[in-house]
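The values are calculated or read from the model by the stated rules, or taken from the named source; none is laboratory data. What you see is a predicted model, and the numbers here were worked out from it, not measured in a lab. Methodologically, a virtual Cβ is constructed for each residue, glycine included, from the backbone with ideal geometry; neighbour enumeration extends over all protein chains shown.
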Amino acid sequence: MPKPRPILDSSLLLPPVSPEQYAYFENAAEHPFQADAAEPSLVNAWWLAECGLAAYAHEAMAAQIYRLGGLRIAGTVSGTHFGGCCYVLVDEKKIILAFRGTRVVKADHLKDAETFRKQVRKVLRDVSTDAKVRQVPWAGRSGGMVHRGFADSFNELLPNIQNLVALLRAENPQLHLWLTGHSLGAALATLAAECLDDVQGIHLFGSPQVGDSEFALKFVLRGWRFRHHADVICWAPSGMLGYQHVKPGAYFDCDGLPGTEPHSIGLLSDWLKGLPGNAVDVWASLRQGGFSSLAPEAFNDHAPIFYAVLTWNAYEAQQRDD
């Protein structure tokens, strides 16, 4: 069955989303991950979208969520100077590196002043990483130039990630390595694909542009980079600063239907087409007291829960067609 699109409510749109609010890895046993897949598949994309959404949770909650998919956290790699975190997940067939995106302040962070201050410091560290848009030379396989903040954050995580992956592969050399992330996490996963060996596949969700045209053209994406309708982060950093997206790009349009990512004119056309539907969603949310619906559509469309739900729906529709 397809899942309904999330209502425009901050508890769902702003991560983390608890397992009480969203059914993670629902029906996963009937739709298993294809660890040895040589080509991109929607079932794997759905699994990795769920992993990317769960990556925003604190470790105890994340462990609870990942267990629903039969995954355990083999290690958590966090940066101390730059915004960045990666859950290293494992089962008997695969390793999944799930990179966390930029953190936000939610209502439950307002319960006391100390919790609020701690969260604001974490958010500002992530935002500072995102804001370092000056490009620096990249020593990875594709070369070219990449976003300084993404490079700094990833390079801080890389040694510990390499060590953990090596240990897991020493225990089981047959493990297949998969990468994923949403937002900042997608950018870090992109750079990880450049530096880690024997990556089986990667799916990216709501990714910003990571590097220049040389980097984008030479980068080998063994999967899809998903973009949702008006998602503003997918436009950043600006192409006027020399940035370009890696390909191939997949796209969820204003109706949530999947397809190939269009060029700028097609994106603008779909945004205009979706305005009436967004107005209906905003009104329905307001009637239920969901004032977060007043946020611009471009920000709401970036929510990682949209990517998880729409990727499942695309896979479910494919199953029905087959």
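Inspection of region 96-119 identifies no residue that is surrounded by fewer than 19 Cβ atoms within 10 Å (Cβ to Cβ), modelled with pLDDT of 90 or more and under 15 Å from L191 (Cβ atoms). If you go through region 280-306 and pick out every residue that is buried (at least 18 other Cβ atoms within 10 Å of the Cβ), at pLDDT 80 or above and assigned to a helix (DSSP H, G or I), you end up with 5.
Out of E59, E92, E156, E171, one residue alone is at pLDDT 95 or above, acidic (D, E) and under 19 Å from the mean Cα position of the chain (by Cα). It is E59. Of all residue pairs spaced 6 or more apart or on separate chains, those with beta-carbon atoms under 7 Å, a first member in region 42-53 that is buried (at least 24 other Cβ atoms within 10 Å of the Cβ) and a second member that is of a type in the set (S, T, N, Q) are N44/Q34; A45/T311; W46/T311; L48/T180; A49/T311; C51/T180; G52/T180. Only one of the numbered conditions (1) closer than 25 Å to A298 by Cβ; (2) in contact with a helix residue (DSSP H, G or I) (Cβ under 6 Å, 6 or more places away or on another chain); (3) at pLDDT 95 or above is not met by F25, and that is (1).
Taking first residues from region 307-322 that are within 21 Å of A55 (Cβ to Cβ) and at pLDDT 95 or above and partners that are part of a helix (DSSP H, G or I) and acidic (D, E), the Cβ contacts under 6 Å between residues at least 6 apart in sequence or on separate chains come to A308/E50. Residues in region 136-160 that are farther than 17 Å from G101 by Cβ and in contact with a helix residue (DSSP H, G or I) (Cβ under 7 Å, 6 or more places away or on another chain): 10 in all. From the list L177, L217, L221, L191, the one residue that fits, being of a type outside the set (G, A, S) and either assigned to a strand (DSSP E or B) or under 19 Å from A74 (Cα atoms) (or both), is L177.
Pairing residues of region 14-39 that are under 28 Å from H176 (Cα atoms) with residues that are among the aromatic types (F, W, Y) and not in a loop (DSSP other than H, G, I, E, B), at Cβ distances under 7 Å and at least 6 apart in sequence or on separate chains, gives F33/W47. Contact map, region 216-234: first residue more than 18 Å from S142 (Cα to Cα) and in contact (Cβ under 8 Å) with a residue 40 or more places away in the chain, second residue small (G, A, S) and in a strand (DSSP E or B), Cβ cut-off under 7 Å, separation 6 or more or different chains; pairs are F226/A250.
Can you tell me which residues in region 197-229 are over 16 Å from the mean Cα position of the chain (by Cα) and small (G, A, S)? Hits for region 197-229 are G211, S213, A216.
Residues checked against (1) closer than 20 Å to K132 by Cα; (2) in contact with a strand residue (DSSP E or B) (Cβ under 8 Å, 6 or more places away or on another chain); (3) of a type outside the set (A, V, I, L, M); (4) at pLDDT below 95:
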| site | (1), (2), (3), (4) |
| --- | --- |
| D198 | no, yes, yes, no |
| S207 | yes, yes, yes, no |
| V210 | yes, yes, no, no |
| F215 | yes, yes, yes, no |
| I233 | yes, no, no, no |
| M240 | yes, no, no, yes |
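Against the numbered list (1) under 24 Å from L275 (Cα atoms); (2) surrounded by fewer than 21 Cβ atoms within 10 Å (Cβ to Cβ); (3) touching a helix residue (DSSP H, G or I) at 6+ places or on another chain (Cβ under 7 Å), Q244 comes up short only at (1). Based on what the data block shows, is L267 over 11 Å from H228 (Cα atoms) and either assigned to a helix (DSSP H, G or I) or not hydrophobic (A, V, I, L, M, F, W, C) (or both)? In short, no.
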